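Okay, structure first, notes after.
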Amino acid sequence: MPSRTLPPPPPPVHLRTWPDRQTLLTDRGMALEELRRRHLGVSRLLLLWLCGLGGVTGWALLIQPLRYIDDKDASVFLLGPVLVILGLAVLAPAVIGVALGIRRDRRIRRLTDAWLTLDRHPTSDARLRSPGLSLLWLLSSLAVCTLGLWMSFTATAHAEPGHDTYADVVLGMGVGLILWLTGLLGATKAAGHYRWALRKLTPTAGLTTPARR
């Protein structure tokens, strides 16, 4: 299976050709495991952080011309437009990456629900809860949120006239906001997975009757 290709949805009822239930459960388990890995894998967490780092780098480049203005440096007319273009070139892919990641997560959730409705297999489905990965997402994201809030408050509370310029304050608040949003996205994803697991994977969850083949 190509690394960027998600498992396909289960075939319609009239096209299902599994010879027996065990074969169906095998294909179902492989698809669900792959979807779980694509949704909560460590690589997805690192990708989110990479987008956050790109956002921080892009913001720092965009703010740099303000330093030249504060310093009354004439080179702002030469370097300013270049830095703005570079900042947007770094910031835009980070924003697009986050948007595409959210869209991909929604597709993964729809595919997971579709495969789950084929049958029930509590033993293998229990792995979909992924408590360890969910906790990793939650704790690391909360740490990033905390760092972002600390940087935002520090940028404003400790600003000293004559020492911290307007650019310093804007840079600190912007970086803090980007980190906070990055952590919030990760924590929201972890909480959403926990709610989904409670709704879909509990013994009393309202799964449909196994599909007739």
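The values are calculated or read from the model by the stated rules, or taken from the named source; none is laboratory data. Everything numeric in this text was worked out from a predicted model, so none of it was measured. For neighbour counting, all protein chains shown are included, and Cβ atoms are generated from backbone atoms with ideal geometry for every residue, glycine included. These area figures cover heavy atoms from the full protein model, side chains too; ligands, DNA and RNA do not enter into them. Shrake-Rupley method; radii C 1.70, N 1.55, O 1.52, S 1.80 Å.
This table checks each residue for (1) at pLDDT below 80; (2) among the small types (Gly, Ala, Ser); (3) in contact with a strand residue (DSSP E or B) (Cβ under 9 Å, 6 or more places away or on another chain).
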position	(1), (2), (3)
Leu62	no, no, no
Phe77	yes, no, no
Pro81	no, no, no
Ile85	no, no, no
Leu91	no, no, no
Ala94	no, yes, no
Val98	no, no, no
Arg103	no, no, no
| task | Would you tally the residues in region 27-49 being without any contact (Cβ under 8 Å) to a residue 40 or more places away in the chain and within 15 Å of Leu116 (Cβ to Cβ)? | result | 3
| Are there any pairs, at least 6 apart or on different chains, whose C-beta atoms fall under 8 Å, with the first in region 5-23 and over 17 Å from Arg110 (Cα atoms) and the second among the charged types (D, E, K, R) and open to solvent by less than 80 Å² (accessible area, probe 1.4 Å), and if so, which? | Trp18/Asp27; Arg21/Asp119
| request: Tally the residues that are surrounded by fewer than 18 Cβ atoms within 10 Å (Cβ to Cβ) and of a type in the set (A, V, I, L, M, F, W, C), restricting the search to region 113-136. | output: 4
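What residue, among those in region 80-112 that are more than 26 Å from Leu181 (Cα to Cα) and out of contact with any Pro (no Cβ under 7 Å at 6 or more places or on another chain), is least open to solvent (accessible area, probe 1.4 Å)?
If we filter region 80-112 for residues that are more than 26 Å from Leu181 (Cα to Cα), which is where we start, we get 80-82, 111-112.
With the extra rule that they be out of contact with any Pro (no Cβ under 7 Å at 6 or more places or on another chain), the set shrinks to 81-82, 112.
On the way: Pro81: 70, Val82: 77, Thr112: 7 Å².
Among those residues, the one meeting the criterion is Thr112.
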| Just checking, how many residues over region 47-79 are over 21 Å from Met151 (Cβ atoms) and open to solvent by 40 Å² or more (accessible area, probe 1.4 Å)? | 10
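Taking His39, is it open to solvent by less than 40 Å² (accessible area, probe 1.4 Å) and assigned to a helix (DSSP H, G or I)?
Values: open to solvent by less than 40 Å² (accessible area, probe 1.4 Å): yes; assigned to a helix (DSSP H, G or I): yes.
Yes: the conditions hold for His39.
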| Out of the residues in region 117-154 that are without any contact (Cβ under 8 Å) to a residue 40 or more places away in the chain and of a type in the set (Ser, Thr, Tyr), which is nearest to Ala191 (Cα to Cα)? | Thr146
| query | Do we have Gly132 as assigned to a helix (DSSP H, G or I), modelled with pLDDT under 90 and small (Gly, Ala, Ser) here? | reply | no
